[in-house]
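Structure record follows, encoded as structure tokens.
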Amino acid sequence: PQTLLLNPGAETHYKFHIGVPLLSSFSGEFSSSGIVLSDLFLSDGRAINDKVSDVLNTLDIRDYIKINTQIEVLSGGYRYDDTTYISFGFYNEIDAISYFPKDVITLLNEGNTAYINRSFDLSQMLYKLDVIGVLHVGITKEINKKLTLGGRFKIYSSSLNMETSNNSGTFTTVNGSNNILTHYLDNVDINLRTSGYVGTDNETVSDPSTLIKNSFLGGNLGIGFDVGMTYKISKQLEFTGSLLDVGFVNHKDNIKTSFAKGSYVFEGIEFLYDPANSPNYWADLDTDFKERIPRGDNQDSYISWRPSKVNMALKYSFGEIKSKYCYDNTYKDFYANALGVHVNTVFRALSPQLELTGFYEKSFTEKLQTKFTYTIDNYSFYNVGAGIAVQLGKINFYGMLDNILQFNDIASTNSMSLQLGVNLIFN
């Protein structure tokens, strides 16, 4: 049944389903482009500073770390009539992505001594964290024997959001005229947004129960939708496609936005000898800096867009023809084997993240299906995955694991994902 979350236009052949609460779907994904854990923490006798320097030399500003988990709290669905299936549920999602601000990390790690006349770009600071609850209802409609369409309406309830984007500014050090060096902060415009983390009295929210409570129709709400389709080009060739999470969240409760904007030139401090009136150099410097690059906080509401996704797949079925029992006391024919290709795209801040997957499906019986995948993505060219679905009476078990060839050395793996769950399916 969780296929309906990936494509609300997927075919269904049962009367209704019930997801086991908190067990119907759990998924987790960790991925990192450009760096793996063993690059920094492998016990090889090398100094950590040398490892950090090597990593910085290989990183690109488009490299990132991403974490995504989903837990389905409640889910279900029922057949309204012979051509219409309605599904609904609620799940919690944590979605985090941070791009590597290479210039900022280099400046903090190595300083500016070796980088005279180089401009460090502050716009590379780009991250986003969402802890969100999603209440949804969808409808799947069989238009005719070839075409099935579907849509899903979603209400988002954000319990925690942290993000920064569209920053600008540079830091440059040059040989000075009045002093040895001159430092320039040019056109700095930095915004760091948080929602759900700082309370009304400026205290931070640290109680996990508060985050869980706010994920169900809390104060920071938004809406979105999914659409999908299945089209049978022929008896053996099928196309599926979906567009997911087109939506936004309006953040207006427990907000804190920190900002800094302006330009500043610093040539050092000129010390003067005046025993009668000794200036407070550091206080004067701090005052001058704050006047030229004012900083502060506000509680202005803001809108955060969800990361939309596109799925497209083409599948060719072949081999032995089998039959499965359907909700209307009939039997539907299906093929024991299928080959296909699946394209998945997630739209992120800098660029879309694209995955191309080839897959093979094998149905041993109506109650036992397997799937094997080979994926090319931003992380590797040899990601092999496997999945299985088993039906024991009314109980449906399923599980999927990605990148299984790297499972014995996770520290050297750029990505790892899994999904598993239990449902009750009634024909």
Top-ranked residue in the range 180-210 [being of a type outside the set (Ser, Thr, Tyr) and at pLDDT below 75; ranked as farthest from the chain's Cα centre (by Cα)]: 201
Look through 127, 184 and report the one residue that is within 30 Å of residue 221 (Cβ to Cβ) and open to solvent by 50 Å² or more (accessible area, probe 1.4 Å). 127
Working only within the range 391-427, note down all residues that are hydrophobic (A, V, I, L, M, F, W, C) and closer than 23 Å to residue 313 by Cα. 400, 401, 404, 416, 418, 420
Which one of 135, 108, 149, 122 is surrounded by 14 or more Cβ atoms within 10 Å (Cβ to Cβ), out of contact with any Lys or Arg (no Cβ under 8 Å at 6 or more places or on another chain) and hydrophobic (A, V, I, L, M, F, W, C)? 122
Within the range 30-65, restricting attention to residues that are in contact (Cβ under 8 Å) with a residue 40 or more places away in the chain and of a type in the set (D, E, K, R), which residue is most open to solvent (accessible area, probe 1.4 Å)? 62
Residue 204 - would you say it is touching a residue at least 24 places away in the same chain (Cβ under 8 Å) and farther than 25 Å from residue 2 by Cα? no
Filter the range 74-104 for residues that are more than 20 Å from residue 148 (Cα to Cα), surrounded by fewer than 20 Cβ atoms within 10 Å (Cβ to Cβ) and of a type in the set (A, V, I, L, M, F, W, C) and give the result. 74, 90, 94, 96, 104
Working only within the range 170-195, note down all residues that are farther than 19 Å from residue 289 by Cα and among the hydroxyl-bearing types (Ser, Thr, Tyr). 177, 194, 195
For residues that are crowded, with 16+ Cβ neighbours inside 10 Å and in a strand (DSSP E or B), tally how many sit in the range 243-258. 11
Report, ordered by the first and then the second residue, all pairs with beta carbons closer than 6 Å, sequence separation of six or more or different chains, a first member in the range 333-359 that is in contact (Cβ under 8 Å) with a residue 60 or more places away in the chain and among the aromatic types (Phe, Trp, Tyr), and a second member that is open to solvent by less than 40 Å² (accessible area, probe 1.4 Å) and assigned to a strand (DSSP E or B). 335/317
Filter result for the condition that a residue is within 23 Å of the chain's Cα centre (by Cα) and part of a loop (DSSP other than H, G, I, E, B), over 21, 8: 8
State all residues of the range 218-233 that are over 23 Å from residue 6 (Cα atoms) and either open to solvent by 40 Å² or more (accessible area, probe 1.4 Å) or of a type in the set (Val, Ile, Thr) (or both); if no residue qualifies, say none. none
If you go through 297, 328, the only one that is farther than 19 Å from residue 417 by Cα, at pLDDT below 95 and open to solvent by 80 Å² or more (accessible area, probe 1.4 Å) is 297
Unmet requirement for residue 240, which otherwise passes all of (1) open to solvent by less than 50 Å² (accessible area, probe 1.4 Å); (2) at pLDDT below 75; (3) of a type in the set (Val, Ile, Thr): (2)
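The values are calculated or read from the model by the stated rules, or taken from the named source; none is laboratory data. Source: prediction; values computed, not measured. When we count neighbours, we look across all protein chains shown, and the Cβ atoms used for this are built from the backbone with ideal geometry, even at glycine. In case anyone asks, the SASA skips ligands and DNA or RNA and just uses the protein heavy atoms, side chains included. Shrake-Rupley method; radii C 1.70, N 1.55, O 1.52, S 1.80 Å.
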